[in-house]
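**Q** Let me begin by handing over the structure; questions about it come next.
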Amino acid sequence: MRVYVPLTLSGLAEAYKTGELGSGPVAAYAVTPALREWYLSDDIEELEYAALSRAALASLRLLAQDPDAPRRRVVVAVDVPDGAAAADPDRALDPAALGEVRVAGAVPLAKAAAVHVDADDAEAEVAAAARAVPAAEGGDDDAQFVVDGAEDHELLWYATQEIPNLLGSPR
């Protein structure tokens, strides 16, 4: 099962140092039954993109909590065994939890399939969106417009071997 783990560049640096995205449970996003129902598509690529987008929004929330992190969203795509990730049935009707899963055990960085990161030119919009997230989630339409501005930037795809370059560290 492919899951999308939201991070920041600071979180990615920590994962690179420790070799794992977390010891569990790890919050991630995946193609869940609720996401399928919401997205109304059977195209797995479209559904995977929707899960990636949900993880990018969660990364934005992480940036809102960490003012020192570089203003770029980070999502790590990881393949975990079927059954290792599960949605919380108590949050099934919560729109904020759409596609959200918890991976029970440790998630080794070595299992990552790819890393998705904003380009440098997205930083201004991502910074503004991180500041606007709390108000947007509170129903402020103007703040939601700012958050949507960050979502207009596509995350770039990187192979896991490129993580040192993303972090600015030598191999």
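**Q** Select from the range 98-154 those GluC sites (Glu not before Pro) which occupy a DSSP coil region and have at most 16 other Cβ atoms within 10 Å, ordered by residue number. Kindly include the intermediate steps, with their values, before the conclusion.
**A** On the way: sites: GLU100, GLU123, GLU125, GLU137, GLU151, GLU154; in loops: GLU154.
Sparse-neighbourhood loop GluC sites (Glu not before Pro): GLU154.
**Q** Can you list, bin by bin at 5 Å, the percent of alpha carbon pairs in the range 75-125, starting at 0?
**A** Per 5 Å bin, starting at 0, the Cα pair percentages come out as 4, 16, 19, 17, 17, 15, 9, 3.
**Q** Note the full-extension length gain between ALA110 and ALA127 as 0.36 nm times their separation in residues minus their Cα-Cα distance, in nm to one decimal. Can you show the working numbers first?
**A** Details: separation 17, 0.36 × 17 = 6.12 nm, distance 2.95 nm.
Full extension of this stretch gives 3.2 nm more.
**Q** Something else now. Could you give the nm distance between label points at ILE44 and ASP142, where each point is 7 Å from its Cα heading toward the beta carbon?
**A** 4.5
**Q** A further question follows. Using the Karplus curve 6.51 cos²θ - 1.76 cosθ + 1.60 with θ = phi - 60°, work out ³J(HN,Hα) for each residue of the range 133-143 in order, rounded to whole Hz, and write x for Gly and Pro.
**A** Whole-Hz 3J(HN,Hα) from phi for the range 133-143: 3, x, 5, 4, 6, x, x, 6, 5, 5, 5.
**Q** Here is a further query. Return the long-range amide H neighbours of LEU21 (sequence gap of 5 or more, or a different chain), with a cut-off of under 5 Å between placed amide H atoms.
**A** It is VAL107, LEU109, by chain and number.
**Q** Then there's this: Using Cα-Cα distances under 8 Å and only pairs 6 or more residues apart, what relative contact order does the chain have, in percent? Provide the component values of the computation, followed by the final result.
**A** Values: 304 pairs, mean separation 46.9, N = 171.
RCO, the chain: 27 percent.
**Q** Shifting gears a bit: Over the range 47-106, give the accessible area per residue in Å² for a 1.4 Å probe, as an integer.
**A** Numbers: 2760 Å² over 60 residues.
Here the residues of the range 47-106 average 46 Å² of exposed surface.
**Q** Let me ask you something else. Once you treat every alpha carbon in the range 1-68 as an equal point and sum by Debye, what is log10 I(q)/I(0) at q = 0.12, 0.25 Å⁻¹?
**A** Debye curve over Cα of the range 1-68, log10 I(q)/I(0) at q = 0.12, 0.25 Å⁻¹: -0.36, -1.08.
**Q** Could I ask something else about it? Semi-axes of the range 79-171's equivalent ellipsoid from the Cα gyration tensor, sqrt of 5 times each eigenvalue, largest first, rounded to whole Å?
**A** Numbers: eigenvalues 143, 119, 17 Å².
Semi-axis lengths for the range 79-171 are 27, 24, 9 Å.
**Q** Quick check: the distance between the Cα centres of the range 88-153 and the range 29-56, to the nearest angstrom?
**A** Comparing the Cα centres of the range 88-153 and the range 29-56, I get a distance of 14 Å.
**Q** For the range 64-171, give the percent of accessible area contributed by carbon and sulfur heavy atoms, probe 1.4 Å, rounded to a whole number.
**A** Values: 3150 of 5970 Å².
Its accessible area is 53 percent carbon and sulfur atoms.
**Q** Right, next: Ranked by accessible surface with a 1.4 Å probe, highest first, in what order do LYS17, LYS111 come?
**A** On the way: LYS17 155, LYS111 120 Å².
From most exposed to least exposed: LYS17, LYS111.
**Q** Now for a different question. Over the chain, how many percent of alpha carbon pairs lie in each 5 Å bin up to the one with the longest distance?
**A** That works out to 2, 9, 18, 21, 21, 16, 9, 3, 0, in percent per bin.
The values are calculated or read from the model by the stated rules, or taken from the named source; none is laboratory data. Not measured: the values here are computed from a predicted model. When we count neighbours, we look across all protein chains shown, and the Cβ atoms used for this are built from the backbone with ideal geometry, even at glycine. Note: accessible area is taken over every heavy atom of the protein model, side chains too, but ligands, DNA and RNA are not part of it. Shrake-Rupley method; radii C 1.70, N 1.55, O 1.52, S 1.80 Å.
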